[in-house]
Amino acid sequence: MLTARGEESDRVRGLSTGADDYLVKPFSTPEFMARVKALLRRAKPEVLSSVLKVGDIVLDRESHRVYRKKSEIRLGPTEFRLLEFMMRHPGRVFSRSQLLDNVWGETIYIDERTVDVHVGRLRKAVNNGRMPDVIRTIRGAGYAIRED
């Protein structure tokens, strides 16, 4: 956090609410750079396995294939990215806006209802009309993939 507020209570509040560091203006550029480098050293890169498994669904990032109960599921590129994102965060509820930003990207301007269309296609492919639905719709909140 970079701010002009330097009172102890301000620093404590900033760090307590999630700031990794607290730097008060005026500051020196070398100190600022040293703090950024220290934060980057502590940051651990996200280790991504090439295979994700949630319940009976297996997603292989390298081969770009998805299986449910050992049967291959054919997905389009958008549905694949949507499923991959949700499988990286099982049980977590994502709003349409969050899914748009994380799956389509923040620079794309499309209607939020587009998410509903792609979730519907993903459901149809993954459930194949016979299997229990693994994607939960949380009314007024968004979508999540079941953890079980």
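The values are calculated or read from the model by the stated rules, or taken from the named source; none is laboratory data. Everything numeric here is computed off the predicted structure, so don't read it as measured data. Because the Cβ atoms are built from the backbone with ideal geometry, glycine has one as well, and the counts that use them run over all protein chains shown.
I want to confirm something. Restricting to segment 117-135 and keeping residues that are of a type in the set (D, E, K, R) and loosely packed, with under 14 Cβ neighbours inside 10 Å, which single residue is farthest from residue 86 (Cα to Cα)? Within segment 117-135, the match that is farthest from residue 86 (Cα to Cα) is 130.
Note on segment 1-38: residues that are touching a residue at least 12 places away in the same chain (Cβ under 8 Å) and polar (S, T, N, Q) total 1.
Whether any residue in segment 36-52 is of a type in the set (D, E, K, R) and surrounded by 13 or more Cβ atoms within 10 Å (Cβ to Cβ) is what I want to check. Looking through segment 36-52, none of the residues is of a type in the set (D, E, K, R) and surrounded by 13 or more Cβ atoms within 10 Å (Cβ to Cβ). Looking only at segment 7-29, residues that are under 20 Å from residue 39 (Cβ atoms) and exposed (fewer than 13 other Cβ atoms within 10 Å of the Cβ) come to 9 in all.
Being assigned to a strand (DSSP E or B), of a type in the set (S, T, N, Q), within 19 Å of residue 122 (Cβ to Cβ) and at pLDDT 90 or above, is that true of even one residue in segment 51-70? No.
Residue-wise test of (1) touching a residue at least 24 places away in the same chain (Cβ under 8 Å); (2) of a type in the set (A, V, I, L, M); (3) in a loop (DSSP other than H, G, I, E, B); (4) farther than 22 Å from residue 55 by Cβ.
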{"position": "84", "(1), (2), (3), (4)": "yes, no, no, no"}
{"position": "87", "(1), (2), (3), (4)": "yes, yes, no, no"}
{"position": "98", "(1), (2), (3), (4)": "yes, no, no, no"}
{"position": "103", "(1), (2), (3), (4)": "yes, yes, no, no"}
{"position": "109", "(1), (2), (3), (4)": "no, no, yes, yes"}
{"position": "117", "(1), (2), (3), (4)": "no, yes, no, yes"}
{"position": "120", "(1), (2), (3), (4)": "no, no, no, no"}
{"position": "132", "(1), (2), (3), (4)": "no, no, yes, no"}
{"position": "140", "(1), (2), (3), (4)": "no, no, yes, yes"}
